[in-house]
Amino acid sequence: MPNHIGDSWSACMSPLAESVTRVRRGVRVSGTVQGVGFRPAICRFATRLSLTGFVRNDEEGVDIEIEGGVEAIARFVSELRGVAPRIARIEAVESTPLPPVGEQEFRIVESARSGARVHASIPADLAPCDECLAELCDETDRRYHYPFINCTLCGPRFTIVRDVPYDRQATTMAPFTLCAACRREYDDPADRRFHAEPNACPDCGPQLAFVGAGLRPAVGEAALARAVRLLGRGRIVAIKGAGGFLLAVDATDAGAVSRLRARKRRPDKPLAVMARTLAELQHIVHLDAVERAELKSPARPIVLARARQDGPIAVNVAPGLGELGVFLPSTPLQHLLFDGGPRFLVMTSGNLSEEPIARDNADAHQRLAGVADAFLIHDRDIHARADDSVVRVVSGRARVLRRSRGFVPDTVALPTVGPCVLAAGGELKSAVCLTRGKQAMLSQHIGDLDNADAFAFFEETVARLGALAGRTPEVVAHDLHSDYRATRWARASGLPCIAVQHHHAHIASCLVENGRAGPVLGVAFDGTGMGLDGTLWGGEILIADLGSFHRVAHLRSLPLLGGEAAVRAPWRIGAAALLDAGEPLDLFGDVAPERRRALEQLWARPHLSPRATGAGRWFDAVAALCGLRHEISYDGQAAIELEAAAAVGGEHPPYDFGLSSEGDAPLAIDLRPAVRAIAADLHAKVGVPVVAARFHRTLARAIAVACSAAREVGAPSTVALSGGCFQNRLLSELATAELVARGFDVLSHARIPCNDGGLALGQAAVALHRLANGFGEGRPPCA
Ligand SMILES: [Zn+2]
Ligand SMILES: [Zn+2]
């Protein structure tokens, strides 16, 4: 007799209806479903429905087979999304009928490695959950004060995963053998730690150690106690975290903070402050609901918030700024530092200046020996380095400015499929991007590629992204700037290259993040990017889609007197703006007369100085005119300080500006009238905050007026705002308000940085679009 099991007609006819109505289905779930407690949740759900079968991870996600009654199976498939853990991200569920096999139970089985192409996504690191924190503080718990406590809903992921599918053997936890107690939890479907891959306890997991030159070493709890005591005495302790080393120091001790700054060679750049709870943070910053939610999110980013003027934080933590970067502990170890230690800790990347964060114990000892007084380390390897992420709330929405721990490797959906594209990104705030089918994987923040260590981190990140994605790049996308290290690397890769103009990439990245294809009016305001004509752009209004763009307007250019070195010396740009507007240099009375004369001589020889339209340069110019900053020690410093001044400047009208065009040339936004008015205001002793506020409003108005002019001759009425200048909350909010008031639809960034940290995503999208649609007319050639 033929096998009719699973066939409903024969089931109805059979006297053994109960046994023969058993059906089986295969269910395939893709997305971020590994390392998030998905299999245990499935196991519990299937068991509750009296289904048998199995669940396992494989290269594509989670593979499930279930067997049982028709109704129970149908319920399982329809309710599957609802029982998935909150941190899982399901992209697709496919189910297919299978012949029943008749097993007796539901099991989690070993990961399948078929050698198939990888589609699974690994989640980002997750801050400790409330239950783990409760155990951490419970003296009767076997993990009391154990800094590596975690469960299926929390703990390290991206930073410890070497390979997919995600299971313990593929992580840096592999060398630690589970003890009997941990093994019981790991094997028990009813337990919170059922298949928690980094599961560990003091008996079987990683251990802390304390070392320092001339200091007695210690391990375990004693190591923690020694580190906490040193922090309380104002000493600098390097602490090994999940994604790298952090340097910690008491944030209320100005002497300790200045020692850290001197040793780290970071004179001015603001430092972030960690406290144990939100209530503690509210003693030092004002927080709104969005900021509080962001601080408490599993990503636990640094949030830039308005500083309280009467708070206990040392003034040299964020000098000259009204904002403070604050965050909550993202690991159990960081929680423990507040047990008996300072209430507020400066926590900054364990590196010198802009180098990448130190990774292993030997690397840290070598690089941080001159910075840290002691080291609190452990014996679990860091596989992928990840800095702390930075978020700022703009127009009521959280915007990621530095995308790293907690956000990486979340994917972004692409509109086009194609070959695997690796996008090399820019030069500063580097991040790379790899495509896999319709997904883009944007790497963590790598940093500025201007030193050998950073470049090694860049290459390491490219390799790890490929391993995690299970793909080998077939095409490389890169910036037009031939001097960028990433561009040189791309051109030397031996793969076909696609060059993408810098500001086009910014706008494309904003389009992709918003799920749009364009065309839009793209406002790309940043420091500097190579233009199609070989000059430096950066105050650009483009009509752009994912494939191409053309320039409709730009800010008036300024000469970089003395070449690109002027970028580090805003007073040179301020002087150029004055000379450009026909004003004398008397606002720079504090600059030595011979230096001013030298600059005037440079001005008289325009061929010696490249001209740049960068909005960032205009911020530099005005900050210098205001006397806020003549030379900078970190990228964007003058603009950040000008924004801080403007934030307390109140509401004022914009300065005058002009719009001019010649023939087919793009509109030029002429800021010379504003420069003359600013000089007059400053001579008349108008306060710097007022001048700064009026300048911000001038740029916002200029953006809106130029966009309106473009729309009148046929440009779209959707505007995408991108480029590093939109990290500026005031500019962003004012420009958005001006555009909305003129009936524009405004797109902006949220999860992808508007600065060069998001550039690679745009490069990848443009490259894929061109590969799918051809290059067309007037587009930059393949390099
Ligand atoms: Zn937990
Ligand atoms: Zn154990």
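A few remarks follow.
- Cα lying deepest toward the dipole's positive end in the chain, options F45, T177, T32, charges on Cβ: T177
- Under a 5 Å amide H cut-off, with hydrogens placed 1.01 Å from N, E91 pairs with S30, G31, T32 among residues at least 5 apart or on other chains.
- Loop-located GluC sites (Glu not before Pro) across region 677-782 with a Cβ neighbour count of 15 or fewer within 10 Å are E777, with loop assigned by DSSP.
- Computed [θ] at 222 nm, deg cm²/dmol, the chain (DSSP H ≥ 4; -39,500 (n - 2.57); rounded to nearest 500): -9500 deg cm²/dmol
- Summing Cβ point charges (Lys, Arg +1; Asp, Glu -1) relative to the Cα centre of region 585-699 gives a dipole of roughly 220 debye.
- When peptides 445-454, 485-494 are ranked by their average number of other Cβ atoms within 10 Å per residue, the highest-first order is 445-454, 485-494.
- Mean sequence separation of contacting Cα pairs (under 8 Å, at least six apart), scaled by the length of region 450-609, corresponds to a relative contact order of 13 percent.
- Mean Cβ count within 10 Å, highest first, over the residues of peptides 33-39, 99-105: 33-39, 99-105
- The length gained by stretching the chain between R263 and V315 to full extension, at 0.36 nm per residue less their Cα-Cα distance, is 16.9 nm.
- Partner lysines for K264 [C-alpha distance under 24 Å; skip if fewer than 8 residues away on the same chain]: K240, K429
- Cα gyration tensor shape of the chain, rounded if a/c is under 1.5, else prolate or oblate by comparing a/b with b/c: oblate
- Assuming charge only on the beta carbon of Lys and Arg (+1) and of Asp and Glu (-1), the dipole of the chain about its Cα centre is about 700 debye to the nearest 20.
- Listed by chain and number, the aspartates and glutamates placed with their C-alpha closer than 20 angstrom to that of K296 are D125, D130, E131, E135, E280, D288, E323, D339, D387, D388, D410; residues fewer than eight positions away on the same chain are left out.
- Highest average packing first - 468-476, 176-184, 553-561, Cβ atoms within 10 Å: 553-561, 468-476, 176-184
- Shape call, region 577-686: gyration tensor on alpha carbons, a/c limit 1.5: rounded
- Rounded if a/c under 1.5, otherwise prolate or oblate - region 385-472, Cα gyration tensor axes: oblate
- The order of C154, C201, C754, going from fewest to most other C-beta atoms within 10 Å of their C-beta, is C201, C154, C754.
- Considering only the chain, percent of DSSP beta bridges that pair antiparallel, nearest 5: 75 percent
- Rel. contact order, % - alpha carbon contacts under 8 angstrom, at least six apart, region 127-263: 16 percent
- Relative contact order for the chain, counting Cα pairs under 8 Å that sit 6 or more residues apart, in percent: 11 percent
- Positive-end extreme of charge dipole, region 391-493 - chosen from A463, A398, G425 (charges on Cβ): A398
Coordinate-derived values only; no laboratory data. Being a predicted model, the structure only gives us computed values, none of them experimental. Cβ: placed from backbone, ideal geometry, glycine included. Neighbour counts: every protein chain shown.
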